[in-house]
Amino acid sequence: MRFIKMHGTGNDFIIVPGGAGELSGVDGATNWGEAASILCDRHFGIGSDGVLLLSPSDVAAFQMQTFNPDGSEAEMCGNGIRCVAKYAVESGMVANPSDEAGFKVSTLGGIKTVWPVISNGLVTGVRVDMESPELAPARIPVAVESEKPVLDHRIVIDGSSMDMTFVSMGNPHAIVFLDTPVDQFPLERIGPIVEHDPLFPQRTNFEVVNVLGRDRLRVRIWERGAGLTMACGTGACAIMVAASLKGLVDETVTIELPGGELVLEWDGTGPVFMTGSVESVFEGDWRGAG
């Protein structure tokens, strides 16, 4: 199985350009969920936060499927889509990559438009139209009876109360704003409890946030199906929306994550735009773990 290892702001991925047809080369796995668990293992596999499959599409330049290390399939991955955009441009998968219209990528969470930032023939960053957030609880989904966006919903986790704001960016997010430093929050312990709380029918991503100013936030993330990660693109977008709804930020914000920075733009009504760096790490052929 041919693969490319890439990362966006420290969120690393195994990209499989051959798509689903490469499955036969992954240690007897019968589906891509099983294969992702094998490949993402950081001791016995390649090691990554997810596997991204690229396949032909009738409605976009190509289709991206995202599989988490626990074998689950995610609707969308903001850092991952930047990685596949870089690969698509540098491999010649897309024509006119610098066109003002950008190009489209089909995902389980909808069709996204991307604009590569190109320097000396290489893609150094990507701007992504992450589309408009979903705020209706039933569509996030979160088991809260409300027709309006849910801000600061009190929930008790492991004996401690937290005020959560809920947003979907094609996948569910629960966001908590802290007065204490995010680095001191026991995310390794609390994260999996929140992810699997009955409040979230499809589990959830969980983010803790410090407001550093109206143009800067600091964040740590627990990703559904992946655990602690260096960054999360959809999570950064959800945080931007939550902070804006609470009146904490302006329309352009830099978000500091463990793996680097992302720039988010949201006018309060339309789509969220995300811009961030992307880098290739290495490429190879998976010949099995045996």
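Values in this text are rule-based calculations from the coordinates and carry no lab data. Quick caveat, the model's predicted, so the values are computed rather than measured. Note that each Cβ is placed from the backbone with ideal geometry, even for glycine, and that neighbours are counted across all protein chains shown.
In what sequence do Thr66, Thr275 fall when counting other Cβ within 10 Å, fewest first? Don't jump to the answer; show the numbers that get you there.
Numbers: Thr66 25, Thr275 18.
Listing Thr66, Thr275 from fewest to most nearby Cβ atoms yields Thr275, Thr66.
Starting at the first residue of the stretch 218-226, write each ³J(HN,Hα) from the Karplus equation 6.51 cos²θ - 1.76 cosθ + 1.60 with θ = phi - 60°, in whole Hz, x for Gly and Pro.
10, 9, 10, 9, 10, 8, 4, x, 10
Across every pair of different alpha-carbon atoms, what Kirkwood hydrodynamic radius in Å does the stretch 137-270 reach?
Working: mean 1/r = 0.0684 Å⁻¹.
Mean inverse Cα-Cα distance, inverted, gives 14.6 Å.
Give me a comma-separated list of calculated 3J(HN,Hα) values for the stretch 74-81, in order, Karplus coefficients 6.51, -1.76, 1.60 applied at θ = phi - 60°, integers in Hz, x for any Gly or Pro.
Karplus-based 3J(HN,Hα) across the stretch 74-81 equals 8, 5, 7, 9, x, 6, x, 5 Hz.
Among all the lysines, which ones have a C-alpha under 21 Å from Lys148's C-alpha, if same-chain residues fewer than 8 places away are not counted?
Of all the lysines, those that pass the test against Lys148 - Cα under 21 Å, at least 8 places apart if same chain - are Lys246.
In terms of Cα to Cα distance under 17 Å, which lysines are near enough to Lys5, apart from those fewer than 8 places away along the same chain?
Cross-link targets: Lys86.
Where does the chain land at 222 nm, in deg cm²/dmol rounded to the nearest 500, when only DSSP H runs of n ≥ 4 count, each adding -39500 (n - 2.57), divided by all residues?
-4500 deg cm²/dmol
Per residue and in Å³, how big is the convex hull formed by the alpha-carbon atoms of the chain?
Details: hull volume 37.8 nm³, N = 290.
Spread over its residues, the Cα hull of the chain gives 130 Å³ apiece.
At 0.36 nm per residue, minus the direct Cα-Cα distance, what do Thr124 and Ser91 gain on full extension? Give it in nm, one decimal, please.
Extending this stretch completely gives an extra 10.4 nm.
Whole-Å semi-axes of the stretch 94-214's equivalent ellipsoid, largest first, each the root of 5 times a Cα gyration tensor eigenvalue?
Numbers: eigenvalues 223, 71, 32 Å².
Working through the eigenvalues yields semi-axes of 33, 19, 13 Å.
Apply the Karplus parameterisation 6.51 cos²θ - 1.76 cosθ + 1.60, with θ equal to phi minus 60°, to every residue of the stretch 194-200 and state each ³J(HN,Hα) to the nearest whole Hz, in sequence, with x for glycine and proline.
5, 3, 9, 5, x, 4, 10
Which chymotrypsin sites (Phe, Trp or Tyr not before Pro) in the stretch 1-85 sit in a loop by DSSP (not H, G, I, E or B) and have at most 11 other Cβ atoms within 10 Å of their own Cβ?
Details: sites: Phe3, Phe13, Trp32, Phe44, Phe62, Phe67; in loops: Phe44.
Hits after loop and neighbour filter: Phe44.
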